[in-house]
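Coordinate-derived values only; no laboratory data. These numbers come from a predicted model, not from an experiment. Counting neighbours? That spans all protein chains shown, and the Cβs are built from the backbone with ideal geometry, glycine included.
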């Protein structure tokens, strides 16, 4: 998909290995499983829960230049949707090539309508978006 | 780590970090480093979750 996906928890790499080998749902998951037992990297991204020593469900997209572009954190009881993540990632790829455009909320994939912010568009986003 | 020490917000540069890994594609331990990913012009997606042996 053009990005390095790294899953991260505060478990050690040994536990990662044991879980990956035991859990059938992970049979086809091939992403490197990062280990952050001290919570250093989790703290850096603001997802370390000091009460539990665990990392919250945070998803972060970092550009090849090292800039943080997206940040999303869910509480313990909500899983994440891969479609949502892919939409954001694809939008980043598009915007990296088309720096004068913006991807509106309905943008899903390459070819979908984008917007070019300008003085002309102020108060006329509907017309720009609907092409009227 | 200066001003980007904790609770990074979007638009900030991420300080270099390293993580030890278990890499299922190689069946072996390894390491990822943001510095290396940047040198290889890679996009990086970090996916934090609370604990192994639970749902992700």
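Placing a label point 7 Å from the Cα of residue A:65 along the Cα-to-Cβ direction, the residues of region A:1-23 with a backbone N closer than 19 Å are A:3-4.
Once the Cα atoms are used to define both axes, helix A:13-22 deviates from the longest principal axis of chain A by about 90 degrees.
The mean count of C-beta atoms from other chains within 10 Å of the C-beta of residues in B:31-43, rounded to a whole number, is 4. Cα centroid separation, region A:30-90 to region B:1-51: 10 Å.
Inter-chain neighbour count for A:8-18: the average number of beta-carbon atoms from partner chains within 10 Å of each residue's beta-carbon is 6. Using only the Cα atoms of the protein assembly as shown, build the gyration tensor, take square roots of its eigenvalues as a ≥ b ≥ c, and label the shape rounded, prolate or oblate: rounded if a/c is under 1.5, else prolate if a/b is larger than b/c, else oblate. Here the protein assembly as shown falls in the prolate category. Note on B:11-20: average number of Cβ atoms from other chains within 10 Å of each residue's Cβ is 6. When shorter helices are ignored and each DSSP H run of at least 4 residues is given -39500 (n - 2.57), the per-residue value for chain A at 222 nm works out to -8000 deg cm²/dmol. Taking every DSSP beta bridge with both residues inside the protein assembly as shown, roughly what % is antiparallel (nearest 5)? Just about 70 percent of them are antiparallel.
Could you tell me the calculated FRET efficiency between residue A:130 and residue A:98, based on Cβ-Cβ distance and R0 = 25 angstrom, to the nearest 0.05? Present the calculation step by step, with values, prior to reporting the outcome.
On the way: r = 20 Å, r/R0 = 0.81.
Working from the Cβ atoms, E equals 0.80.
In terms of the mean number of neighbouring beta-carbon atoms within 10 Å, the peptides A:63-72, A:109-118 order highest first as A:63-72, A:109-118.
When a/c is below 1.5 the answer is rounded, else prolate if a/b is larger than b/c, else oblate, so apply that to region A:7-80 with a ≥ b ≥ c taken from the square roots of the Cα gyration tensor eigenvalues. Prolate shape, in that a/c is at least 1.5 and a/b is the bigger ratio. Taking label points 7 Å from Cα along the Cα-to-Cβ direction, residue A:76 and residue B:10 give a separation of 2.8 nm. As a rough guide to protection, the peptides A:99-105, A:120-126, B:47-53 ranked by mean Cβ packing within 10 Å, highest first, stand as B:47-53, A:99-105, A:120-126.
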